[in-house]
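The values are calculated or read from the model by the stated rules, or taken from the named source; none is laboratory data. In this text, all values refer to a predicted model and were calculated from it rather than measured experimentally. Here the Cβ positions follow ideal geometry from the backbone for every residue, glycine too, while neighbour counts run over all protein chains shown. Heads up: the accessible areas ignore ligands, DNA and RNA and are worked out on the full protein's heavy atoms, side chains in. Shrake-Rupley method; radii C 1.70, N 1.55, O 1.52, S 1.80 Å.
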Amino acid sequence: MDPPTKSWSIHTRPEITTKYEILELIGSGSYADVYRGRRTSDGITVALKEIHDHQSASREIDALRILRGSENVVFMHEFFWREDEDAVLVLEFLRTDLAAVIKEVSGAGEGEGFSVGEVKRWMKMIVSGVHCCHVNRIVHRDLKPQNFLVSDDGVLKLADFGQARILMESGFDASNHASSSQHPHDAISLSHYSNQIEFGNQEDDEEKISHDEYFRVLDELKIQSHTYDTDDKDTNTHDGNTSCLATCTTTDDDEDDYLWKNSLPYEGDEEGGNELGFLTSCVGTRWYRAPELLFGSTNYGLEVDLWSLGCVFAELFTLKPLFQGTTDIDQISRIISVLGDINEDVWHGCSKLPDYAAISFNKVENPIGLEGCMVNQLDDEVSFVRRLVCYDPARRATAMELLHEKYFCEEPLPVPVSQLRIPVTKNE
């Protein structure tokens, strides 16, 4: 008899098989396996995500419990986790993602890209999902089109929180909120921050905080923070197909295979026991990775997501990735060729980045500029991306500011979700 595969356990766990019929394996990698399943009580189709790494499971469960009920974040019905077993998350089943939407539109022919109203609707849902993370101090760290899932009725939802971090104040005792692998992790109450900051409701302009105040509080949290990790042991999982697993879809397209190999998501060593709570710089997918991460920063916050957000928006406008580096050095070089040289004049404090002195490039006399990368786009569209794709993290627009951006209130308005073009499956 052949030895059992790494996904054997999900089929032999009665607490799962009595509630769910496991239909088929739809994605597989070193990080996780994902199955399409059916809940026996009502016949609802679900995605069963079996995560093989303890800490990645902790991060995803913690984040999804905190964000439960957010309209633009994938919904977790429940999870199963006991000692000596992989965690199995029961997620809503979403058959496609934003990358597939972009691919379908780009293949529609000359002049058949997104309408302005379509782009605005996608952007608004994206910002809404990221805002929900940031208002809860969750930095996703791997925002890219593949991690924005799309339901059959067009609702976009952020997923794949295996690399996420929850930024916490110094003195917060994570052990009071974490439990053994036999029990659920308690969600962290936002009241813990009630004396620190009040974030504005996107429907109420009067409650908005200022940009400076937003980053002042974030800076204080970064200086005095630790990360909410539930395991002293971290892993370095190289799994180029992680995004496909998160979307509950797979791809056998040769071009897609080449693309993910050259934009490989990975995470370096990050010691959960570090009392200073430093983060790792080796996180996220290269094409969407903020420059501070490329230069080795371990003292960053929500701003890394904002850079990634700008790259995703640029891709919605142009139907191709903004910076397609083949290595980290090449990625920096491509960014500099567009935005110009990195120095203290444009980014105060950049010279203190760990790898700043170790990496040097020839001076760029005439950078292309974002206009050169978005040649067919309107000025306000380029300006929108520029508010996010800028060197200095403190200058990037916050998700809350973007939600109140007048761009979304000007004609043409965002189209209704029902008018969005949705691929039947990712492969198609």
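One table, with the values for the structure above:
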{"item": "Candidate set: the range 281-295, residues that are hydroxyl-bearing (Ser, Thr, Tyr) and open to solvent by 10 Å² or more (accessible area, probe 1.4 Å); chosen: the one modelled with the lowest pLDDT", "result": "281"}
{"item": "Residues located in the range 344-395, provided they are within 27 Å of the chain's Cα centre (by Cα) and among the basic types (Lys, Arg)", "result": "352, 386, 387, 395"}
{"item": "Selection status of residue 30, closer than 17 Å to residue 92 by Cβ, open to solvent by 60 Å² or more (accessible area, probe 1.4 Å) and not charged (D, E, K, R)", "result": "no"}
{"item": "Yes/no for residue 164 being touching a Pro at 6+ places or on another chain (Cβ under 6 Å) and under 25 Å from residue 294 (Cα atoms)", "result": "no"}
{"item": "Qualifying residue in the range 90-101 (condition: among the charged types (D, E, K, R), part of a helix (DSSP H, G or I) and surrounded by 18 or more Cβ atoms within 10 Å (Cβ to Cβ))", "result": "no"}
{"item": "Subset of the range 128-170 (residues that are surrounded by fewer than 23 Cβ atoms within 10 Å (Cβ to Cβ), in a helix (DSSP H, G or I) and among the aliphatic types (A, V, I, L, M))", "result": "135"}
{"item": "Complete set of residues in the range 106-127 that are assigned to a helix (DSSP H, G or I) and farther than 24 Å from residue 398 by Cβ", "result": "106, 117, 118"}
{"item": "Qualifying residue in the range 334-353 (condition: in contact (Cβ under 8 Å) with a residue 60 or more places away in the chain, of a type in the set (S, T, N, Q) and either outside the structural domain of residue 128 (by the TED database) or part of a loop (DSSP other than H, G, I, E, B) (or both))", "result": "no"}
{"item": "Output for the range 296-305, where each listed residue is within 10 Å of residue 134 (Cα to Cα) and modelled with pLDDT of 95 or more", "result": "302, 303, 305"}
